Amino acid sequence: MPTPQNAAERDELDDRREQFLAGFGAAVLARRTHLDLTQRQVDARMGYRGRFVGGVERGRRNITLTTLYALAAALETDPRALLAGPDVAWRAELTSSALQFVASPP
C-alpha cells in the first residue's frame, strides 16, 4: 500500500482503519454474545486478567495475528470469521446452526 501523500489521504486511511477495527469489534461482540460469554470469561480463556476484549469490541485495540488466533480460539471460531465482520460471521453461524438442526434426529 502506498504511503499517504497528503492530509486528506491520511484522514481517509485513518477512517478506513477505524471502520475496520469497529467492524472487527462488532464481529467479536456478536460471537461472544452468541456463546453467552462475558468479556471476563473470554479474557480468562485468553489468559488475560484485564479488560482486553472490551477494548477490542469497542474498536480501540489493534491486535496482532497471534492474538487474533488466541481470540478466535477463545470464541470457538475461525479467525477468518472474525475478520469478515459481524454480518458474515453471523450468517456463517446461522448456517452452521441450521445444518446442525437439520442433521439432528427428531
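The values are calculated or read from the model by the stated rules, or taken from the named source; none is laboratory data. Everything numeric here is computed off the predicted structure, so don't read it as measured data. So basically every Cβ, Gly included, is an ideal-geometry build from the backbone, and we count neighbours across all protein chains shown.
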(request) Could you tell me whether segment 16-39 includes any residue that is farther than 19 Å from Ala81 by Cα, in contact with a helix residue (DSSP H, G or I) (Cβ under 9 Å, 6 or more places away or on another chain) and modelled with pLDDT under 95? (result) no
(request) Count, please, the residues in segment 56-78 that happen to be among the acidic types (Asp, Glu) and either without any contact (Cβ under 8 Å) to a residue 24 or more places away in the chain or buried (at least 16 other Cβ atoms within 10 Å of the Cβ) (or both). (result) 2
(request) Count, please, the residues in segment 1-55 that happen to be free of Cβ contacts under 8 Å to residues at least 24 places away in the same chain, in a helix (DSSP H, G or I) and of a type outside the set (D, E, K, R). (result) 12
(message) Looking at segment 14-29, can you tell me whether even one residue there is of a type in the set (A, V, I, L, M), touching a Leu at 6+ places or on another chain (Cβ under 9 Å) and under 18 Å from Ile63 (Cβ atoms)?
(response) yes
(request) Go through (1) hydrophobic (A, V, I, L, M, F, W, C); (2) surrounded by fewer than 16 Cβ atoms within 10 Å (Cβ to Cβ); (3) modelled with pLDDT of 90 or more and name the single condition Phe52 misses. (result) (2)
(request) Grab the helices (runs of 4 or more DSSP H) fully contained in segment 59-106, keeping just those with 1 or more residues being at pLDDT 80 or above and over 13 Å from the mean Cα position of the chain (by Cα). (result) 65-74
